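First the structure, in the form of structure tokens, and then the observations on it.
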Amino acid sequence: MRRPADLVELLGIPFTEEQLACITAPPEPQVIVAGAGSGKTTVMAARVVWLVGTGLVAPEQVLGLTFTNKAAAELGERVRTALRRAGVLPAPGSPAPVGSQEGDGEPHAGEPEISTYHAFAGRLLTEHGLRVGVEPSAHLLADASRFQLAAEALRAAGPGFVAPTGSSTGTTRGFPDLVRDLVALDGELSEHLVDPADLRALDTAVRAEIAALPRPNADLRRIAEAARGRTELLGPVEEYRSRKRARDLIDFGDQLALAARLARDVPAVGRALRDRFAVVLLDEYQDTSVAQRVMLSGLFGEGTGHAVTAVGDPCQAIYGWRGASVANLDEFPDHFPHRDGTPARRRSLTENRRSGGRLLRLANDLAAPLRERHPGVSPLRPAPDAEEEGRVRCALLPTHADELTWLADSIAHLVNTGTPPGEVAVLCRTAGDFPAIQRELVARSVPVEVVGLSGLLHLPEVADLVSVCRVLVDPTANADLVRILTGPRWRIGPRDLALLGRRARLLVHRERPDGEGPDHRLAAAVESTDPAETISLADALDTFVGGDRPGGPGSAGVEEPADDLPFSDEARIRFAHLAAELRELRRGVADPLMDVLHRVLTVTGLEIELSASPTALAARRRETLEAFLDTAASFAANGRRTAVDGDTHLPAFLAFLRAAEHYDKGLDGSLPGGEDTVKVLTAHKAKGLEWDVVALPGLYRKGFPQERGQDSWLRHSHVLPQPLRGDAATLPAVREWSAAALREHAEEERFHRELEELRLGYVAFTRPRSLLLGSAHRWGPEQKRPRVPSGFLLALRRHCEEHPAHGEVEAWAEEPAEDAVNPLLEAERGPGEWPLPLDPEATHRRREAARLVLAELRGSDGPPDGSPEDPPDGATGGPGTLPAPRPGADERGGPGDPDDTAELTPEERRLVASWDRDLGSLSEELRRARSRVREVPLPLSLSASQLQRLAADPEGFARELARPMPRPPRPAARRGTRFHAWVESRFDQVELPLLGDDEQPGGDPEEDPAIRDERELAALKEAFARTPWAHRTPHRVEAPFELRLAGRVIRGRIDAVYRTDDGWEIIDWKTGRDHSADPLQLAVYRVAWAERHDLPLSRVTAAFLYVRTGELVRPAVLPDRAGLEAILRGDASWALNVPG
């Protein structure tokens, strides 16, 4: 390869002159400012081909870094495909050269190394960490575990610790807020490589300067208080760091800070890496942090003149809130100069091959202020044949409901007229409107998918489940309990809810010692035991059932106090039912996570209600619930990476959800699925994606763009002061401590916030290929004052009005009068339906069925007392059915004469019924103990390995369930797990999750325990490299699944799934020498994958790959669903199906 024309001919891509200039540049430092849709990934792959094809570098001398595993996989695949076209790499399926596979998970010799920034930093510490005192075995902490460990450090604070105060209230911050503050401050210190002593010195100086002022105003005193709070937090921060070191733990901030220290302070590390990698590609460089920049410049910059190519777009720098510094891209020429000290070359890519020209003109107008601030940024140009393409449709509707209707109608019309649902996306600033958008689209039969964990948490079916779980774990989770009580299932009205709150306060007051005076209450407040923080609605709810509390032996009962509060009769009954339900669930809160979640779904009836409904909305909500349970299952299988002590029980999972809810803005790794559905996601998550049609709802002021920016170091103790930040020169500074200087600083901060939101808007505006929908509303659901359209919506309107071909303004609501009232507040709201609305006929049938069931349970012919067939309206919020009591927990006193308990209150009758239930359980337990033959119930949840044991040896499996025994260590299982970890890191560049014994890859009972040392593991790697599967990229690796069969849940993980020409192929790696693997395992995998993706079973094949010999075995017959259910029912025969 000698000429650029040779490259164009080889790859078959019509590169622009700009692209060719970047691709064929000499091997020297350069930064490419690549506009949206300009083909930066293609350019980076082509540059590798050019440098390799011209003989300047070898393929294995290329290092590529990006942010996410998906982006790394995409870049790696592009590079490998281009090198195969050039004949540098062998084609997939051809034998690899002998000795081409290095040990310990290294890439093939002859292949570039593509990784994420974090993975590269982690590998740097693994190989060189001992130089800065880091053991290679250090474990990486996830978000939930960071908060757990920070809470421990904060509880260890000495008696002299005086907590920081809130920025607006001036009151002491609560414990959960302090934990978040501690983690945030520690992260910022690491991100900007600041020593705690330097921060302490700066804050001490700030306080002294303000104290020396003659008459500091309130704002200046607030700055001094923030500095004092930061100084106080430094003690717990240092304790937190010491606990991490003692437990051999690091978080992402530590990882980057330590890697930066290595690169900056140990020159030998940089020399070794420069010798190893002659060419370095840095993707999305505008999103790197200060620590990452120090690491990369220390290794490959600082006057070395190394061939580093950084690619990014300052107009799309949307991650400033998590430490990214757009200045890294602007200052790249100075950080990575040539050997003679001249700055690196800056190049640009401006031709957008994604969007039509009219849409690009709109985006260019929006980004004009950004181009003025960043060098090398030019307006985007459309492809030559797309200059007059692209349309905009916008609307300003009277109410929020009207906007959602317009949005859903527009998308439904597009889908019904030929636009594939998968080519439509709805991008929101926040996830608050996700449930309403999903509901409106489903009502119009439009398939929809909500993307991301934080989005799922806003959907009603998931929010209800999470609220119940929080109440089970935390008796003070009052907000979640209020959601449950006021929701459409229990329908407690404001009057009874207020009375419940009053009882909760009375319980707290009653527990105080007699004669407690103001001095005692003041001392309690100072000791952070303010009684107001202990008010618990859950405790008040417990008073309606009495009996022993679930806290443990000896805990006192909570009797109903003699407060004479006038609760309605219906509220008392419903409170009693809910309290008994929660009490029953709390007894199993320490069980495995998935068992607890499924039990909550069963007891609350949510799963049954959704399964029983044939409506499209119910189907979508079932899918949402399954997606959430998949997340929970993944958490339960990854304990080592998600909790300090490997804890995967319910409290740890709730901490993980809180972290996702508060901090997820596109970084939780969730990406849109491949299904043909309309995608609903946040604008942060849309970066790097594209669709034919993009809708942007909520374009009102303070909505999108938002006006509230990041927390300021002048008011918040958890924020690192601007003078200490590595990018201080790009941020607003305070020139002096005066009122005028503070006003000037506030104005500069406001402008800085506007630029941050403008970048996010630019990302959203450049996602569509052909059509952009934008909308807003005047009246929100609960606003007393009308909303104002934002600058984004006004820009859309101006664009449409410039020329008819640009688009149209479909509606524009007039500005309400000064005294106008929100019509949504005046509209009468009926009670909600739980968990989704039913038509009248279905409602009648369910009530009749409930009446018959309850009548049978009570041995009578009519509806039970207190459960009318048609419940009347009451003080609890409207008509609705009383939740059916469970057998043995109803209002009757026992199996005898119903009149025996006629004088008891409903709560007392429930207590007597609980005694009867316990008596029956004890009697049954005694009968089982005296029986010679013991029936062992089959667990509701089984692993795939357990299902195999059940089919092979039912009696042995029953004995194992009846009396579990410890299993001896299995070297084959351990080596198999290591082999699977190596395979997964080869394809996904992620750690293997921590699996249970039944889920361990290679840990089947059939595995031969003959893999005894590292030489055998290396032999497995070499054997795998000789198979065709080593050169094919799987669609999924270690894919978790959950399959319901015959009333049981089968869970497991599929080793690898590959796309084929006519469907999918499941491959299960077998590392043992024995070739007698049970095909039942493949049958389970095959049915699970087919049903999870709504595929006919004939399109999914399955096979065992015996890695040692390379033999691929496809069983001729695999049982289908009916055959698997027959096995669970005890039938030994298999139902025949299509060949596997």
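Values in this text are rule-based calculations from the coordinates and carry no lab data. Note that the structure is a prediction, hence the values are computed from the model and not measured. Cβ coordinates were reconstructed from backbone atoms using ideal geometry, including for glycine residues, and neighbour counts include every protein chain displayed.
Structure summary
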quantity	calculated
Difference of contour (0.36 nm per residue) and Cα-Cα distance, Arg917 to Ala849	22.0 nm
For region 172-185, 3J(HN,Hα) per residue [Karplus equation, 6.51 cos²θ - 1.76 cosθ + 1.60, θ = phi - 60°, Hz, x = Gly/Pro]	4, 6, x, 4, x, 5, 5, 4, 4, 4, 4, 5, 5, 5
Violating pairs (Cα-Cα greater than 23 angstrom) within the set Lys244/Lys687; Lys687/Lys784; Lys702/Lys784	Lys244/Lys687; Lys687/Lys784
Cα-centred dipole magnitude for region 148-247, charges only on beta-carbon of K, R (+1) and D, E (-1), debye, nearest 20	240 debye
DSSP-loop GluC sites (Glu not before Pro) across region 347-449, with at most 12 other Cβ within 10 angstrom	Glu388
In nm, spacing of pseudo-spin labels at Glu925 and Asp630 (7 Å Cα→C-beta vector)	4.0 nm
FRET efficiency for Leu794 and Asp591, using Cβ-Cβ distance with R0 set to 41 Å, rounded to 0.05	0.15
Length gained when the stretch Arg247-Glu810 is fully extended (0.36 nm per residue, less Cα-Cα span)	196.6 nm
Theoretical FRET efficiency, 1/(1+(r/R0)^6), r = Cβ-Cβ of Asp1061 and Asp275, R0 60 Å, to 0.05	0.85
Inter-site label distance for Leu755 and Arg131 at 7 Å from Cα along Cβ, in nm	3.5 nm
Rg/Rg_globular for region 138-252, with Rg_globular taken as 2.2 N^0.38 Å and Rg from C-alpha atoms	1.14
Cα centre as origin, Lys/Arg/Asp/Glu Cβ charges: region 1015-1067 dipole, Debye	200 debye
Computed magnitude of the charge dipole of region 693-778 (debye, nearest 20; Cβ of K, R +1, Cβ of D, E -1)	440 debye
Chain lengthening between Glu690 and Lys702 when straightened (0.36 nm per residue, less Cα-Cα)	1.7 nm
Karplus 3J(HN,Hα) series, Hz, for region 298-306 with 6.51 cos²θ - 1.76 cosθ + 1.60 (x for Gly, Pro)	x, 7, 10, x, 6, x, 6, x, 5
Pair Glu782, Ala156: separation of 7 Å Cα→Cβ label points (nm)	4.1 nm
FRET efficiency, Asp219 to Asn416 (Cβ-Cβ, R0 56 Å, nearest 0.05)	0.50
